[in-house]
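Below is one structure, written out as structure tokens, with a few remarks after it.
The values are calculated or read from the model by the stated rules, or taken from the named source; none is laboratory data. Because the structure is predicted, anything quoted here is derived from the model rather than measured. Positions of Cβ are backbone-derived with ideal geometry, glycine not excepted, and every protein chain shown enters the neighbour counts. Just the protein is used for accessible areas: all its heavy atoms, side chains included, with ligands, DNA and RNA removed. Shrake-Rupley method; radii C 1.70, N 1.55, O 1.52, S 1.80 Å.
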Amino acid sequence: MMNAPPSGGMPRPNSQESLLLDYIHRLERHRHDRRAVHVHLSGLQAQNRREHHTRIAGNTFENLVKLMQAQVFTMANADLMIIYKVQAQEEVEASVVKLRFLFSDDPLVIEESRTRQALFCTWYSLDKEYDMLLALAQKLVQDENAKRNAASDRKAQEAKVLAQRPKGSPFTPELLHRVESSLGQADLANLMRRQAVCAVVGKSPPTPVFHELFISIADLRQTLFPSVNVNSSPWLFQQLTETLDRRVLSMLNKHDDRTLEGDISINLNVSTILSPEFLVFDDNVKAGMRGTIVLELQKVDIFADLGGYLFARDFAHDRGYRICIDGLTYSQLPFVDRERLGADLIKLVWDPSLTEEKDKKTEALRRIGVTRIILCRCDNQAGIEYGHSVGITLFQGRHIESIVQQGDPRKRGLRARPRG
């Protein structure tokens, strides 16, 4: 008997399905004295097709294998395929009867007895049905290869996710307290990053509309707590960003900082807009400049306290600021109604899948208002080309930034990274 691969392991290149197909090919000239029976153990209930059940079922034909009267193949789905010589017909039938008795309480065998249909096994005469059995073996190989490839892809994806997952010790309340204490004394000016949001029309070079200001979380982590995985606790991370908001506002409030002279956007939490620190920041902003400042809010933060967001939005609009909802994917757009939320802009994350079912997606974007959409994370030209094809003219990302830097000698060599 040809042994099956170990239970739970990946099928080897010489899997039972492959061996069966090879054996059937070799029998092409000797088909006249051969028959086969396909025992459908895969149709049994799960508790009746465990590994030891499959082993016992295969051993039922052991004597015929030893006498070289039959070959037994155990498929990955637990099915048995027995190819035997014509003179062993009665012994094979007796073994099949034994198997039916072994699984007599299974619904498959009970249904077969009731309906008289061949549900438990299928018989073949290679003399007349060789092509049919060959086609079945080929399909079994194709199905097993497909499962093997899917399993391989799944493992590769899992490995990729694990590799991308931030490593380090858990982020605890004690660590947060220590980090917040450090932030009060640390000079964060070197961690402040700028990335342009640009208008790109036709083939003209990108024209900066405003610059997003943010603290690089990756650099902050490396500087203050390199061994900590800040993403291990979303709620503690949220509190950390609120502390960072206050520090950023404090930095912008310095009278020697000319940042507020130009058009900017700031990543903030909803609660920060309602904080005393923001009121101080607002007092330091020239009245005519408020209309050039965009406040970027995360969708999770908005829906965590919708009432708080609506209050903060009205306050910001009354003061002249604009609101942008940051980091939306296309699949999230149906759940985020820009107009009802009263947001001035949204940032849509560029993804090549946007080009699929393009007409449907384009219509959805036009309902939002393409002039209100910033296509962000554009790391290559493909994002710009897609945006132009649907009418988007505002872009942000590494590709845009590299073009801007190439055009400004003062910025060459600098790279900005998005927050977090």
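Per-structure values
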| item | result |
| --- | --- |
| Mean-position separation - Cα centroids, the range 146-160 and the range 384-403, in angstrom | 33 Å |
| Charge dipole (debye, nearest 20) of the chain; +1 at Cβ of Lys and Arg, -1 at Cβ of Asp and Glu | 760 debye |
| The range 309-372, accessible surface, carbon-and-sulfur percent (1.4 angstrom probe) | 48 percent |
| Nearest-20 debye value, the range 257-341 charge dipole, Cβ charges on Lys, Arg, Asp, Glu | 200 debye |
| Full-stretch length increase - ARG116, TRP235 - with 0.36 nm per residue and alpha-carbon distance subtracted | 36.6 nm |
| Average accessible area per residue (Å²) across the range 213-339 - probe 1.4 Å, nucleic acids and ligands excluded | 46 Å² |
| Distance in nm between pseudo-label sites at GLN47 and SER152 (7 Å out along the Cβ direction from Cα) | 3.8 nm |
| Radius of gyration and Dmax over the Cα atoms of the range 48-154, both given in Å | 15.3, 46 |
| Spin-label model distance (nm) - ARG194 vs THR223, 7 Å beyond Cα toward Cβ | 1.7 nm |
| About the Cα centre, charge dipole magnitude for the range 1-156 (Lys/Arg +1, Asp/Glu -1 at Cβ), debye | 300 debye |
| Accessible-area composition of the range 177-307, carbon plus sulfur, in percent [1.4 Å probe] | 53 percent |
| Calculated [θ] (222 nm, deg cm²/dmol) that DSSP helices of n ≥ 4 give over the chain, each run adding -39,500 (n - 2.57) | -14000 deg cm²/dmol |
| Residues of the range 274-307 with amide N under 20 Å of a point placed 7 Å along Cα→Cβ from LYS254 | 277-286 |
| Within a Gaussian network of the chain (alpha carbon springs, distance under 10 Å), most fluctuating of PRO170, PRO234, PRO352 | PRO352 |
| Convex hull volume per residue in cubic angstrom - Cα atoms of the range 351-412 | 73 Å³ |
| Cα shape, the chain, gyration tensor, a/c 1.5 rule | prolate |
| Per residue, in Å², the accessible surface of the range 1-138 once ligands and nucleic acids are set aside, probe 1.4 Å | 56 Å² |
| ASP344 paired with ASP127, simple spin-label distance in nm, labels 7 Å along Cα-to-beta-carbon | 8.8 nm |
| Within the accessible area of the range 66-176 (1.4 Å probe), percent carbon and sulfur | 55 percent |
| Partner lysines for LYS147 [C-alpha distance under 27 Å; skip if fewer than 8 residues away on the same chain] | LYS139, LYS155, LYS160 |
